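Everything below concerns the one structure shown next.
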Amino acid sequence: MKILVVNDDGINAEGIVRLAGAAKALGEVWVVAPSKQCSAMSQRVTVRGALTAWPVDFPVDGVTAYSVSGTPADCVKVALTVLLPERPDIVFSGINEGYNAGYDILYSGTIGAATEALSNGIAAVAFSTEANGVFDVVDAWLPSIAAALVEKKLPADSMWNVNFPGCSLAEYKGILWDRVPADHALFADRYDKRENADGSLTLAVNGLLRKEAAEGTDIRAVLDRYISIGTVSNAVLKG
């Protein structure tokens, strides 16, 4: 199997190293990732100017890696048209630092890269975890989940979306399949306003974590310390 690994947190993110390592057990792996943090860029692409791509010494043996001065979706486009010697069988996107669940999937660069893969007729899986630096559940379950999902077929317009709880194995409850996106974001919008002498406003972003979500949803699953596995379709992302 030929696997392209991308992300939105950048080529130096801890999550992409873990994901490439798990992918390496399944086949031949290329990594193509942004040179810097690109969260919340959705499927944004570069349409003017120039992009730069350069090889990177990646910390997973046998993996060819490039960094690109563009967005996550740019990385998929450049990989497919310029960098890869052949078309991949599947694209793994992540592991994102922060859940991609509920309405947050609409903004996510991790989901955006996976959507770009779908747009090119390539299967895709998005992986995310809580933004707290705790990878216990990821390390224990990522290899088996990745191996299982590459064997499961989805409609051409749908991707797998996996969210790992950021907790210890003692707190971890299990895996919940067929989770649907919650009908709200994980964080409620909040902007702390300060009026400036020139009449402008400084708006400090300070979202509030929601602690409630409906049963059966991706957000409820991770709040309850389960791994959430579900699907997201292009139709949902395009409204």
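The values are calculated or read from the model by the stated rules, or taken from the named source; none is laboratory data. As the structure is a computational prediction, the values presented were derived from the model and not from experiment. Every residue, glycine among them, receives a Cβ derived from its backbone with ideal geometry; neighbour counts consider all protein chains shown.
Annotations for the structure displayed:
- Single residue of V138, V162, V125 found to be free of Cβ contacts under 8 Å to residues at least 40 places away in the same chain, surrounded by 18 or more Cβ atoms within 10 Å (Cβ to Cβ) and in contact with a helix residue (DSSP H, G or I) (Cβ under 7 Å, 6 or more places away or on another chain): V125
- Test set (1) assigned to a loop (DSSP other than H, G, I, E, B); (2) farther than 26 Å from L186 by Cα; (3) at pLDDT 95 or above - P155 fails condition number: (3)
- Selection count where residues are in a helix (DSSP H, G or I) and of a type in the set (D, E, K, R), scope the stretch 1-39: 3
- Meets criteria (surrounded by fewer than 14 Cβ atoms within 10 Å (Cβ to Cβ), farther than 18 Å from L19 by Cβ and in contact with a strand residue (DSSP E or B) (Cβ under 6 Å, 6 or more places away or on another chain)) for K193: yes
- Selected residue [surrounded by fewer than 18 Cβ atoms within 10 Å (Cβ to Cβ) and over 21 Å from A124 (Cβ atoms)] from L203, L186, L223: L203
- Single condition I95 does not satisfy, out of (1) of a type in the set (A, V, I, L, M); (2) at pLDDT 95 or above; (3) more than 15 Å from the chain's Cα centre (by Cα): (3)
- Restricting the first member to the stretch 202-230 and to residues that are more than 21 Å from K152 (Cβ to Cβ), and the second to residues that are exposed (fewer than 15 other Cβ atoms within 10 Å of the Cβ) and among the hydroxyl-bearing types (S, T, Y), the beta-carbon pairs closer than 8 Å and six or more apart or on different chains are L203/Y191; A204/Y191; V205/Y191; N206/Y191.
- Condition met for A148 (surrounded by fewer than 18 Cβ atoms within 10 Å (Cβ to Cβ) and farther than 30 Å from D89 by Cα): no
- Among the residues of the stretch 59-79, the one identified as more than 16 Å from the chain's Cα centre (by Cα), part of a helix (DSSP H, G or I) and closer than 25 Å to L142 by Cα is A79.
- All positions within the stretch 182-239 that are under 21 Å from the mean Cα position of the chain (by Cα) and in a strand (DSSP E or B): F187, A188, L209, T217, Y226, I227, S228, I229, G230, T231, V232, S233
- Applying the condition of being outside any strand (DSSP E or B) and of a type outside the set (K, R) to the stretch 172-181 and asking which residue is surrounded by the most Cβ atoms within 10 Å (Cβ to Cβ) yields P181.
- Residues that are within 17 Å of M41 (Cβ to Cβ), crowded, with 16+ Cβ neighbours inside 10 Å and not aliphatic (A, V, I, L, M), drawn from the stretch 100-118: N100, D104, S108, G109, T110, G112, T115, E116
- Looking across the stretch 40-58, the residues that are surrounded by 12 or more Cβ atoms within 10 Å (Cβ to Cβ) and assigned to a loop (DSSP other than H, G, I, E, B) come down to A40, M41, S42, Q43, R44, V45, T46, L51, F58.
- Contacts under 7 angstrom Cβ, first residue in the stretch 1-14 being within 11 Å of V68 (Cβ to Cβ), partner surrounded by fewer than 24 Cβ atoms within 10 Å (Cβ to Cβ) and polar (S, T, N, Q), 6 or more apart: G10/S35; G10/Q37; I11/S35; I11/S67
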